């Protein structure tokens, strides 16, 4: 196989482990903490998970290994969207498994959870594993979004495990995937299958975190990748001095990616969805906020700048959410066919005008026509608007243009305004992992096997103290049920892992809030550059600004 020089060098990189995991598995023991409870809805969650609820958090430390010696046959699954470092979780799991007993076996189920249900797998060997060390992507076994949630699926999974003598399953995924891991663990325990289930926290969106999980893997690499691109654009617009760049980044449910990129690059404007919701900001108010920066900078002769927009921001605008609800109702059932049969947009617009409330029509009327039409053309299988497909970067650039035209007519603005648009998403999902993610993910996989070896199930692999050097990281585990609460899903109350939103009273946002006026009015761009793999630790092992600020650094 042909590989680049960098890829070859990354194969040879030895990930750093927490100190207590470095000296061999024989010298690791368990320290138990307090019993846990779910973040909310304790009675309901405990009733749903009678065999796995309320377990104790645990920490690994140096000491005599007291785990029972037995052959381990482990299955691993990559679930959901790709995130840099996933391969290293598998490699860390494999190395720990083989270091304990060379006869231990690792099955990689292909294509996500469906691979387990379809008994589609590869048995991992050294030559195969070595091709994927410290590389991006999930192509080692592929991923998928099949949910493990029905009794029939659980029974099939248990039968496949029994067929191959599998003693444990490791599910590498985000909040939905680890919710599935918790439910599968409960089923396996309730039916005395002898199969343990362990989860690993993955998502580039950064919303799988809490007091125990300091960071989900992939967030570091993805935000560094996006920040490099944003920094490049900042340098370009500071050179040409004639464009405003509107850049949408990943993050539909939370704005962690946008905030981290803003902290890394000091862009002129960054929207934070959680703040939009808290302040009940309208589309017009958001456009005015951006237009204010354009106007102030134009007065200084700077007709250029950068705006960062989280992917899901429009869903946090109260008036827009109401509009979407009314549109879904307007086209429910047979009414959609009547609408689609209309010959032209003028006729369709009249239909819309009759069907919306006065308040929602006012919101609809200020949208650019392309966005108006998109709201009615792109439907999901249930007939609803696909909000995630709305090109919010183009929406806000057009609205800002309209605001500036009004200001120019009023004589308060006399600058030039030209907009460019970007969406950074897939560019970061499979990037070659940073040293941090390579180390963190390898540690998560290694640690996952320690949880298996000590007989734990329904636990999430946990590595903390992440802002310190890897030697000082702390490895252990926490019951997945600790992160859960009940939420409405498809008309039913379901146990889910609570998503972590940007905390408006947290240190990262407070730092951003304290500096954003200066960034909006002046050219304070910073240029992070490409991810560095070789060189001083202060550069190569640098953590995210978010994590550093959360740790008071």
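The values are calculated or read from the model by the stated rules, or taken from the named source; none is laboratory data. Since this is a predicted model, take the numbers as computed values, not measurements. Cβ coordinates were reconstructed from backbone atoms using ideal geometry, including for glycine residues, and neighbour counts include every protein chain displayed.
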query: For residue 138, are the conditions met, namely being over 22 Å from the mean Cα position of the chain (by Cα) and surrounded by 15 or more Cβ atoms within 10 Å (Cβ to Cβ)?
result: no
query: Of all helices (runs of 4 or more DSSP H) completely enclosed by region 1-109, which ones contain at least 1 residues that are under 15 Å from residue 445 (Cα atoms) and modelled with pLDDT of 95 or more?
result: 86-100
task: Evaluate the following for residue 514: is it without any contact (Cβ under 8 Å) to a residue 12 or more places away in the chain, outside the structural domain of residue 53 (by TED's automatic domain parsing), within 28 Å of residue 297 (Cβ to Cβ) and over 20 Å from the mean Cα position of the chain (by Cα)?
output: yes
- prompt: Failed condition for residue 469, given (1) assigned by TED's automatic domain parsing to the domain that holds residue 166; (2) in contact with a strand residue (DSSP E or B) (Cβ under 6 Å, 6 or more places away or on another chain), with all others met?
  reply: (2)
field: Where a residue in region 22-35 is surrounded by fewer than 12 Cβ atoms within 10 Å (Cβ to Cβ) and its partner, wherever it lies, is not in a strand (DSSP E or B), with Cβ under 6 Å and at least six apart
entry: 26/65
message: From the list 457, 481, exactly one residue is over 20 Å from residue 97 (Cβ atoms), crowded, with 24+ Cβ neighbours inside 10 Å and modelled with pLDDT of 95 or more. Which is it?
response: 481
task: For region 494-553, enumerate the residues that are farther than 30 Å from residue 175 by Cβ and surrounded by 19 or more Cβ atoms within 10 Å (Cβ to Cβ).
output: 519, 520, 525
- line: Given the conditions (1) at pLDDT 95 or above; (2) out of contact with any helix residue (DSSP H, G or I) (no Cβ under 7 Å at 6 or more places or on another chain); (3) crowded, with 24+ Cβ neighbours inside 10 Å; (4) farther than 30 Å from residue 5 by Cβ, every one holds for residue 143 apart from (4)
task: Quick one: which residue in 204, 122, 198, 172 is in a strand (DSSP E or B) and under 23 Å from residue 223 (Cα atoms)?
output: 172
- prompt: Has region 330-343 got at least one residue that is closer than 21 Å to residue 248 by Cα and either more than 28 Å from the chain's Cα centre (by Cα) or assigned by TED's automatic domain parsing to the domain that holds residue 414 (or both)?
  reply: no
